[in-house]
């Protein structure tokens, strides 16, 4: 993309400053050249819309994008996992499902995804390149015998040739599915490669019970799967034992964080390289206790937003996540919500120097929001994404 493009909108929300009424954004060679509110006769007027930075879906599983509705209704978490695993085993993790999910995300304003990919994923699933994707190789291994094979899988993932708009990361899945020794080795591998790292953590009360006493519904489920090893998870543990190793990671994502305690929140506040990824509608689907996202922000912890998969969410539309938060927490500043859905996610995935705000010099990643008569309310129910640009290219319009 080499030609110069200039667009005017009713509002431009740069993401790192006040909104500009009748704002103009100038783009050259795929990068933002200027953002201002001066008269520009060369600007293409997009009408009654707002331009915002491209959205960042910091956590999803695209392989389940062929599900037409969430699994349920609202099953207990371990029962939900049983159904999801059966679904995965009953079919190929199809390229078409991944591509379908990616296109849905692109159509609804997302220009960067944090994707958890099952073993055997193929780069072709993400082509032609449009939105950027951080592909986290999912690693599972509770048995000691899985340590070396899973570590080899992780190394091979990180050694792949670079692909356009693909970045490689690692995801030791969760405390209930990865042996601590393997977890530590994967964190060290991510540190060596300076790549992003993602772990599902503090997701349920049942997870806390497993860590503290080695008992509960997770033990029953893991026995059913034939993978339970009572020596694999030291009793007397907490999510903190999985947070501490992340201190040395370049970028780390603690996915969900629904049941973090005050000590863990304080630790996160001291380690800005770790971001908690909150998935609002998935959290509501499971009827969890209130999420600590506001306490996290008040403590200085970075919080980003994800959709999770269609197994627990009706769609992959990050804009609807932000609208849901605005509706549920009407006292929250809309500017703060926009940051959660853009720059915080970009920072979590190591790309905030490139995207996340509409700042001159950054990549021209942006979403166009039809206001549809909304009077000064960016996240009003009637607003919707109508176009998406990544690096100066319209990838959905």
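Nothing in this text is a laboratory measurement; each read-out follows from the coordinates by a stated rule. None of these values were measured; they are calculated from a predicted model. Glycine gets a Cβ as well: all are built from the backbone with ideal geometry, and neighbour counts include every protein chain shown.
Couple of notes before you dig in:
- In this structure, residue 159 and residue 250 have a Cβ-Cβ separation that, at R0 = 22 Å, corresponds to a calculated FRET efficiency of about 0.80.
- Centroid-to-centroid, using Cα positions, segment 329-397 and segment 210-244 are 39 Å apart.
- Size descriptors for segment 267-315: radius of gyration and Dmax over Cα atoms are 12.0, 35 Å.
- Under 19 Å from a label point set 7 Å out along the Cα-to-Cβ vector of residue 394, the amide N atoms of segment 349-374 belong to 364-372.
- In segment 50-172, the convex hull through the Cα atoms has an average projected area of 9.1 nm², a quarter of its surface area.
- For the pair residue 374 and residue 192 in one chain, pulling the backbone fully straight at 0.36 nm per residue adds 60.7 nm over the alpha carbon distance.
- Two-site label geometry, residue 66 and residue 38: point separation in nm, points 7 Å out along Cα→Cβ: 5.4
- Relative intensity of the chain on a log10 scale, I(q)/I(0) at q = 0.13 Å⁻¹, equals -1.06, per a Debye sum over C-alpha point scatterers of equal strength in the absence of solvent.
- Treating r as the C-beta distance of residue 100 and residue 152 and R0 as 30 Å, the FRET efficiency rounds to 0.45.
- Per-residue Cβ neighbour rank within 10 angstrom, fewest leading, 295, 223: 223, 295
- With neighbours defined as other Cβ atoms within 10 Å of a residue's Cβ, the residues 242, 259 order from fewest to most as 259, 242.
- DSSP-defined beta bridges in the chain - what % are antiparallel, rounded to 5: 40
- For the options 118, 215, 41, a Gaussian network treatment of the chain with springs between C-alpha atoms closer than 10 Å singles out 41 as fluctuating the most.
- The residues 362, 102, 122, when put in order of fewest to most other Cβ atoms within 10 Å, stand as 122, 362, 102.
- Segment residue 181-residue 224, length gained on full extension (0.36 nm per residue, minus Cα span): 13.2 nm
- Annotation: Cα Rg of segment 167-257 relative to the compact-globule expectation 2.2 N^0.38 Å equals 1.07.
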